[in-house]
Ligand code: FES
């Protein structure tokens, strides 16, 4: 068994909500829930693999595929759509070379779309991780993402 997984399980052994806590920690450490790791968790905790998969697909915080370090959420809600949200998405998709739902090969960025993140007055809005950017243009987004790349 993967030593890292063993440590995660030890950390939460016997605690309430242990299975979710273990999955959360695996997601945090690996950036997603690798199938091989889920198998190990299933065996060690004696929880059916199917149950882990259904938890993994039910909770939006979990992903079964690798995710980028930065999740880029492009808002396509009504206010953002009217103010060019689709154009922003097209620009981001072009800049990152991926489609919505995909992750860049270097695992730096995952591109997602959302329906309103509650700051319509700033439309069109893009959220990178927890940072919200408003009044966007394709050029502005290009330099914002460049800044994230430079932080590496
Ligand atoms: S529609 Fe985009 S923030 Fe509300």
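Annotation: the residues 80, 116, sorted from fewest to most other C-beta atoms within 10 Å of their own C-beta, follow the order 116, 80. Go ahead and run the numbers for FRET between residue 7 and residue 132, Cβ-Cβ distance against an R0 of 41 Å, rounding to 0.05. Between residue 7 and residue 132 the formula returns 0.70. Of the residues 67, 107, the one with the fewest other Cβ atoms within 10 Å heads the list, and the complete ranking is 107, 67.
By the count of other C-beta atoms within 10 Å, a proxy for reagent exposure, 74, 103, 137 are ordered fewest to most as 137, 103, 74. Size descriptor for the chain, Kirkwood hydrodynamic radius: 17.0 Å (Cα pairs only, one decimal). Residues of the stretch 46-82 with backbone nitrogen within less than 19 Å of a virtual label 7 Å along the Cα-to-Cβ line of residue 115, please, listed as ranges. Answer for the stretch 46-82: 58-61, 73-82. Taking the longest Cα principal axis of the chain as reference, the axis of helix 49-58 is set at about 20 degrees. Fraction of C-alpha pairs exceeding 20 angstrom in the stretch 70-150: 20 percent, rounded to a whole number. For residue 82 and residue 102, what is the calculated FRET efficiency with R₀ set at 30 Å and r taken between the beta-carbons, to the nearest 0.05? Efficiency, rounded to the nearest 0.05: 0.70. Taking only Cα atoms, what is the 0 to 90° angle, nearest 10, from helix 35-45's long axis to the longest principal axis of the chain? Roughly 40 degrees, rounded to the nearest 10.
Temperature 20 °C, viscosity 1.002 mPa s: under these conditions the Stokes-Einstein estimate for the stretch 11-52, based on its Kirkwood radius over C-alpha pairs, is 207 µm² per second.
All of the numbers you see were taken from the coordinates with simple rules; none came from a lab. Since we're looking at a predicted model, the values are computed, not measured. With ideal geometry, Cβ positions are generated from the backbone for all residues, glycine too; neighbour counts draw on all protein chains shown.
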